[in-house]
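The values are calculated or read from the model by the stated rules, or taken from the named source; none is laboratory data. Everything quoted here is computed from the prediction, not taken from an experiment. Neighbour counts are summed over all protein chains in view; Cβ atoms, including those assigned to glycine, are modelled from backbone coordinates with ideal geometry.
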Amino acid sequence: MPDAAWSKSSYSAPTDDNCVETARLHHDVVGVRDSKDLAKGHFTVPTHAWGRFIGSVVG
C-alpha cells in the first residue's frame, strides 16, 4: 500500500523493538504492520473490530 498514510503508535519509541503502525486503507479496513520490518507486509482488520480492540486496551 504505497499510498497509505501510515501512523506510528504513540507508545512506540525510536529505540523500542515493538513499533506498530496503522493506516486506514479503505473506509472499512485498517492496516497494521511492524514498522521495524516492513518486508513482512501488513494485515488488515475491519474498522469496527479495530475500534473495539483499541477500546478494550485503552479502557
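Name the single residue, out of those in region 37-55 being assigned to a helix (DSSP H, G or I) and of a type in the set (A, V, I, L, M, F, W, C), that is nearest to L25 (Cα to Cα). The selected residue is W50.
The C-beta contact set for region 1-24 (first residue modelled with pLDDT of 70 or more and surrounded by 12 or more Cβ atoms within 10 Å (Cβ to Cβ), second residue assigned to a loop (DSSP other than H, G, I, E, B) and basic (K, R), distance under 9 angstrom, 6+ apart or interchain) comprises C19/K36.
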